Each structure stands twice: as structure tokens, then as C-alpha cells.
Amino acid sequence: MPMCVLNLQRSYKYMMYATKQPSLRINQADLKCKNGCGFYGNADWNGYCSKCYRDHLGFEKQKKQGQAQLEKQKSNAFTKFEEKKKHQSDKKSKFLPLFRKPSNLKELEKPHRNSDLKHSNPDADKLMAEFMLTFGQLSESLRHDFFKYIQVFIKRIQTDINMNKPIEDVTEVAQKYYNTFNNGLNTSSTFKDLPSDVRDQLLDFFEKYVMTILFSSLFCPNSTNDEEKDLIIQERIRKLSWVNAHHLDCCISETSIEVRDLVYTAITDLLGMDSVKAPLDKLNCVVKCCRSVMEVLQHCQGGPASADEFLPALIFVVLKANPARLKSNILYVTRFCNDSRLMQGEAGYYFTNLCCAVSFIENLTAKSLNMAEEEFDAYMSGQITCVSAWESALVACEGMHQLRENLNILKDLSQRTTIVQEGSKMLREDIEKFKNELNETVSVVMERTPLVIKPRKSPISLNPHHEQSGGATDVSLRKHDFDQSEPENLNFYHQNLEIGHLNDYTKENLQLDITPCTLIAENASTISVEPTPEDHSHNSFGLSKINYDIDFSDFSGENSMVEDLTPERISLNVTPDPFGPLGTSSAIFQEPLVPLNTSLNVQEKTDSAKSKQQYVLPLVEKLETTLLDEDETDIQNLPSPMKPMSSYSGFSKQGLQIPSIPCNTGDISYLNAHSNASTSSKDDS
Amino acid sequence: MSGGPYNYSYIFKYIIIGDMGVGKSCLLHQFTEKKFMADCPHTIGVEFGTRIIDVCGQKIKLQIWDTAGQERFRAVTRSYYRGAAGALMVYDITRRSTYNHLSSWLTDTRNLTNPSTVIFLIGNKCDLEAQRDVTYEEASKFAEENGLMFVEASAKTGDNVEEAFLETAKKIYQSIQDGRLDLNAAESGVQHKPSTPGRNNLSSDNQGSKDNCSC
Ligand SMILES: Nc1nc2c(ncn2[C@@H]2O[C@H](COP(=O)(O)OP(=O)(O)OP(=O)(O)O)[C@@H](O)[C@H]2O)c(=O)[nH]1
Ligand SMILES: [Mg+2]
């Protein structure tokens, strides 16, 4: 019962729409041919199916025959002209015989061949590859026959085009040839044994291939006003951009995101129609689009869509898509798509619907949209501008897109930041680990091999309590003697004293403060000996010793005092890192030979004597103190002023202080003062 | 619009590209109709327009494809780059983001067109001087670095719109004259048509010479 009512309502609605032109609701019967042959009709065929339309045309044509005859005569003049041209070009081409293949067939074809064939056509090449893939297993002779059909067809159509025949005539030729080929497929000995689906495929491929090659001549041909029609409908659809689903009485919800996405899919499918070349491919785009429209409807209604609702939805999609060259595409498909494909089946049905949608759009009035005339006019003239939900959704879409784009950038950035952070964390850990390892290694090494510096000579001879004062005085006195009598010999001493400037006697400002210490240690034996050439050669040795005093990091056996240590002691070859963390290398105390707190202003010579005094004192007092830790005192009895400094921080730090060591070699007087001072201090103690 | 089928000797194919809302459709409309379309709906996919112009005494039909700026239709619009003789790349001088995206548009153009394609950069909406966000100097430097022709135009006032389209055509025509652009190449974006409103394959000498190298 309710079904009946619904049907009634529908037919009522349909009748209502039917009273005005055009209508949104179309009876299935309306899609069929006017002649009632059962095939789908088409507005472009005046409502006939293509077959009946052509019959109808043929009838009309006969009437016009007389006229055509006249025209032909007129064009004869042109044909002659053309032949002349052809002749010329043939002549011309003889100049380049190298490039011509001596094929007779080719020769014959040449004048007719259109540029499309001569120049590489990437689409055709692609199709060819496709062919070899699909039909590669077919026999050679079969393929040969197949391409002969293709060659003949192309040649025939191009002849017609070149003769500037009206497009309708070309269409007729093409359709007839499709038929011929189809018959050939079914009857000729080469093809008829093939399975029917392969024959179907061959038929489709035939159409695709020839149309791809002839596309530029047959699509939107110059002899027609198709392009103008395209521009008109494009402008019209643009003007109708305000039309929404509600106006069309269709259930598409413009605000739902899923629906919008589906509509977009349908739109994209439809837009694809202009990008492909073969009529069958264009038809496929229409089919895809219409299937998507069906899906939209299904989604909106939550159930299968009826044919009644389909057309308004399709109109909506066409309006929103405003497909490029819409008319040209429709006309091209109606003209050159194999009739047998277009007049029946799903493709035929959908294509007919598309044609209806287009003709609805072309002819729609205020009435067909169920709105007041004034309102409609106001919309059309742009007086009322409304931003439809669709339009704003589009803008929002782009906004969303931008947002997404930016979010992606941000995400990427944050990812990279995380990576960097992790990296730095790892690095920090590594540093920490390395530091600990180093500390451990160093302390292990230190424990294993404590640095022991053994006095070079038995300190007994230099007993500070009994003999040192005498010895020291001796040294300084002798030195003084040398200074006065034999300046060259003085070098010997200075070489023992100076750092890096041993032979630079003139460098007056550089005077090592360690004089007493070194002298004591060194000269205990040598001082009594007259300076000999050997002694001079020995100088470098003395230098190294001084070096050692300055830089403890240099433990190379030959250059350091360590050479004098017992073998066990020498095992302290492990070079502590002078740049290591503070305090870790505390086992090796390297002092600049002068207490830090002592002012070493070399320039002020008056002060230097004083500072010598301050300096010398520890030598005497701390004769028994160790260079190393207190607990190693037992092995430490080096008579050195080098005071253990826990703040040792490697040579780099130390380096700052080294140049400031007063080395006032020029002024010898201080030596006296110095030795005097040491003597006096000795006396004091 | 076209007085007859053969009243021009060349067809040049153009594409107009650029971000959404920069005024591509308005530029095309201004060029073809000499009118400003104030409330132009967003382009979906592509639209097209034609106009016959005169370059060096030759009648040339411009077939201009106005593409959608929206990312969603990029797949559709990309298929129109192929075989374009001229590409008008548009940005909006009042919106810096549209300028920033130029490099990606340029990449697309370079990838999808042939090397002889003339690329023309248009800074649109130059009537909105007060809202300017991209200086002339900056854009002109960008154009120079990338070997593009450049002009600031306004679809609203019509300033420089004609010039942009015509200059592009001139450059393409020069390329043909110099032989840099091969008319016979499949995707040159230029079609040669006999200017005589005649019948038949008066495809002229051109056709003949083409015969020579076909084998
Ligand atoms: N002031 C001013 N406004 C303009 C100009 N050109 C375009 N507009 C405005 O900018 C807006 C967008 O113009 P459209 O031509 O639709 O932009 P489009 O580049 O085609 O955008 P899509 O089709 O979405 O890619 C419209 O509202 C126009 O009115 C101009 O030169 N000056
Ligand atoms: Mg647009």
C-alpha cells in the first residue's frame, strides 16, 4: 500500500515537472530512443538513439544532396590547388631520400598521413605497449591483420578530414567502419576462432587506438562550433554556482564531511573525462562518476538510491564540477564512441543521464528550480550573492589543507628537535661516562704507579743542616766568577736555568728563578769540574732537565728526571692528561717552581731580590717535603722548592704563569743577593 | 568569439597556475572579456578561455586553461600542464603565503612542461597597494633568479593584464621564429593552422617539409 502511494507521488511529481521544461525527474522511458527501438536516446541526437538519428539524418541528407553537389564543385578548385601543393611537397621530399623507407605501402600512404601519425604520440605509444601486453600471445598474422584494419581506418578518416567533410559524415564513416571491423572479427577466418571476450577487447582496443591517434582532428574540430558551446555552458554553470542541493530537490547533504568527500570523488571522476583521449575512456570516467554519485546517494539516504534521485544528484555534481569542454566531450563521445557501447548497458545508461543533466542545465529556468522568477534573476545577475555551504566548505577545505600542511611542518620540526635533544643527552652521558672512566683509569694507574721522584744525587752531600749553606754559597760564588771571567762558560749555567732560551744569553729578562734548586741538584757534581767541551755538549741534557721541571707531562725517558729513577719508578710512563678534569691528575704536582703567591715581577729588579728571598726559604725549609701526596713522604726527599699544589690544572693553565717567571739573566747581582739570602736564611734556621 | 574556423594561423596553449584565490580566473576573465568578475566562484578542476590576438602581424589564438588553486584538484590540473606553450604563474601581492608557494608551482611547471615553455610571473592585485605584503623588488629578484618574465598586474583595474598575455605570446612566437620551439613536437603547445579560410589539407608547405623527415 505505501509503495503504491509513493509511486503515485513520484509519478505525480514527475507529471508536475513534466509540465515545465526541463524536468528534474525523468521517466526511464524518456531516456530511450524516440523511435521506440529500445536503445538509449540522446538530446544531441534529437532524442533518437544514434542509429535512428543517423537514419533520420540520412533522410534529411538526401534532401540536401543537391546543395552538397554544388558545394563539391566549388571545392574542386581547391582540390586542384591542393594537388599542386602535394606535388610540390613530393618533389621536396625527394631531396631527402635517406630518410624514406622504400616501402611501397608507406609511399602510398604518405600524402594522406596526418601529422598525428608522423610525430610520436606518447598516448598511442602507451596504448601500443598495452596492446603487446594484452594481445602479445596472439599470432603474428592476426596482429598484422588487426593493424591493417587500423591503418585503413585512420587513412580513411584522415582523408575525410582533409576533405573538410562535415563532422557528421566523418562520424558516419567511423561508425560504419566500427561495424565492418566488428563483422570482420566475427566472420573472418583470422579472428572468428578467438574467444568472444578477446574479440570484444580487440574491438575496444581498435576504437581506443584509432581515436587516440585521430584525437586532435576529431575532438572539438575546427569545422564545428563545439568550442563556443563549451564556453557558453561553462559561463552558465559559473553563473549557477549559487544553486545548491536544496534547489535541486536532492538529498545531498552539503555539510557532512563524508558526503563532501564522496561528492569530490564524483567531481574528480567527471573532471577526468577531459584528460583522456579515447571515447571509451571518457565514457569510463562518466561511469565512474555516476557510480560515485550513487554512492553519495546511498550514504545520504542510508539505503539504495532510486533512479529518480539519481538525476538531480548528477546535476548537482555537474554544476559543482563545471567540467572543462563539457559539450565537446559529450559530442565527441556521441560521435565517435562505438554505438554498440553507447546505446546499451551501464555506460549507455549513465551517459544518457549525463546528457540529460547537461540539457537540464542549459535550459533551466526559475520554474525548474521551483523558485520565484525575481529571485532567480537576482541570483543570475549577481545581485544576490550567497556563499553556499559548498563554497565555504571548499574554502574551509583549503584552510584545512593549509592547516594540515602547517601541522605537518610543526610535527616534523618537533621530531627533529626531539632527535637533537636525544642526541645531546646521549652526548652528555657519553661525556660523563668518559670522564668517569678516565678518572678511574687515572686513579688506577696512579695507584699502581705512584710518581716518585728520587733525588738525583744523595742529598747527604748537600745536607741542608750541615753542608748546604756552604755548597750553595760555593755555587753562587763560582758562578759569579764565571760571569766575570768567562762569559761563554756562563752559558753552561744558564742553559741549566732557562726555559727554551738557554743559548740566548742576551735575553736578559728571562731568568729562571729556580737557580738555587737546579744548581744545587745539578752542580753538586759538575760545579767542581772545569767546564769542558763535553760539558757543553751535556748542556742539552741539562736543558731537558729543566724542561722536566717545567712540564711534568713530558715523561719521555731521555728528557726527564725519571731516567734517574729506579726501573720500577720509571713505569710511571703513563702520561696523565694535562687537560684532564681538575683534580684528577693531582698525583703529579707540577709547580712553576715558584710559589704562586710570590710576586715575580721581573721588571722590577729591586723586587726580584726580595722575591728570591721569599722563594728560597721554602727550599731550605721544605727540603724534605714531597712532590706528591703526603702519604708518599717516605720516598720523597727531593730537595725541591716545588710546593705541592692541589690546584694543578695542566699545562694549559700553567702556561699562563710560565712566561712570567723572572729570568733576569742580565742582572747577575741578584745571584749574589740570592745566595746571600739563602745563606742568611740558612743561618737563620 | 572566433569569427571562423581558420582566421588565425597559430594556436598557443596557456595555463594559469597559482594558489587559491590569487585571481587567476579574474585575470583570464579580464583578458577575454575585459571585465572584472568581482564574485568569481572558486575554480573546480579547470576552466578555459580563448582569445585571438595579433602578434607581429600574425593572428594567434590563445587557448588558456585556468586551473584550480586548490590542492585537492592538483591531480586533475597537472594533466593540463602537458603541452602548454606558456605558463602564467600568479601570486597575490597582498598574501605572502601565495608568494612563498611559488617555488613549488615552479617545480611543477618545470617538471611537467617542456623546456621551451615560457613562464611568466604575475603579481596580481597590485591595486591593493595599501595591503601589499610582497615588494616588487623581492619578486622581481625571484623572477630574475629563475629566468621568468615578471609583471605586477591587477585583474580589477586591468593594469598589465593584456601585457602579460601578449608578452608571453611574443616570446613564444620568437621561439618559433628562432626554431627553438619545434612545432612538430608532440607537446609543443603550439598548433599551426593555415590562415587561409580554405578547404582541404592546405596544411601548406609546413606539411610538405614535415613529410621529409617521416619514415
Ligand atoms: N582587489 C582585487 N581583487 C582581486 C583581483 N583579482 C582577483 N580579485 C579577487 O580575488 C578573489 C579570488 O579571485 P579568483 O579569480 O576567483 O581566484 P582564483 O585564483 O581563480 O582562485 P581559484 O579558482 O580558487 O584557484 C575574488 O574575490 C576576486 O574578486 C585584483 O586584481 N584586485
Ligand atoms: Mg579560479
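Some points to look at:
- If R0 is 41 Å, the Cβ-Cβ spacing of A:D308 and A:V198 corresponds to a FRET efficiency of close to 0.60.
- Two-decimal Rg to Rh for region B:10-194 - Kirkwood Rh, Cα set: 0.94
- Euclidean distance between Cα centres, region B:67-138 to region A:311-370, Å: 33
- Cα gyration tensor shape of region A:121-218, rounded if a/c is under 1.5, else prolate or oblate by comparing a/b with b/c: oblate
- Residues whose placed amide H lies under 5 Å from that of B:L121, excluding near-sequence neighbours: B:M89, B:M149, B:F150, B:V151
- Relative contact order computed over chain B (Cα-Cα under 8 Å; 6+ residues apart), in percent: 27
- Sites A:E168 and A:M400, calculated FRET efficiency, Cβ-Cβ separation with R0 35 Å, nearest 0.05: 0.10
- 23 Å Cα-Cα threshold exceeded, pairs from B:K13/B:K34; B:K13/B:K171; B:K34/B:K170; A:K282/B:K61; B:K59/B:K170; A:K320/A:K367: A:K282/B:K61
- Note, ³J(HN,Hα) from phi for region A:407-417, Karplus 6.51, -1.76, 1.60, rounded to Hz, x at Gly and Pro: 4, 4, 4, 4, 4, 4, 4, 5, 4, 5, 4
- Close amide H contacts of B:D159 (hydrogens built in the peptide plane, cut-off under 5 Å, sequence separation of 5 or more or a different chain): B:S154.
- Averaged over A:421-432, number of beta-carbon atoms from partner chains that fall within 10 Å: 0
- Taking Cβ atoms as reference points and 15 Å as the exclusive limit, the residues near A:D145 contribute a net charge of +2, counting Lys and Arg as +1 and Asp and Glu as -1.
- Dividing the helix sum by the residues of chain B, where each DSSP H run of 4 or more adds -39500 (n - 2.57), gives a mean residue ellipticity at 222 nm of -9000 deg cm²/dmol.
- Length-normalised contact order of region A:147-235 in % [C-alpha pairs under 8 Å, at least 6 apart]: 36
- In this structure the amide hydrogen of B:Q58, modeled in the peptide plane, comes within under 5 Å of no amide hydrogen from residues 5 or more places off or on another chain.
- The share of Cα pairs per 5 Å bin across region A:393-460, counted from zero up to the longest distance, runs 4, 12, 8, 9, 7, 8, 7, 7, 6, 5, 5, 4, 4, 3, 3, 2, 2, 1, 1, 1, 0 percent.
- Surface per residue (accessible, 1.4 Å probe) for chain B, Å²: 39
The values are calculated or read from the model by the stated rules, or taken from the named source; none is laboratory data. Since the structure is predicted, the reported quantities are computational estimates derived from the model, not experimental observations. For neighbour counting, all protein chains shown are included, and Cβ atoms are generated from backbone atoms with ideal geometry for every residue, glycine included. Just the protein is used for accessible areas: all its heavy atoms, side chains included, with ligands, DNA and RNA removed. Shrake-Rupley method; radii C 1.70, N 1.55, O 1.52, S 1.80 Å.
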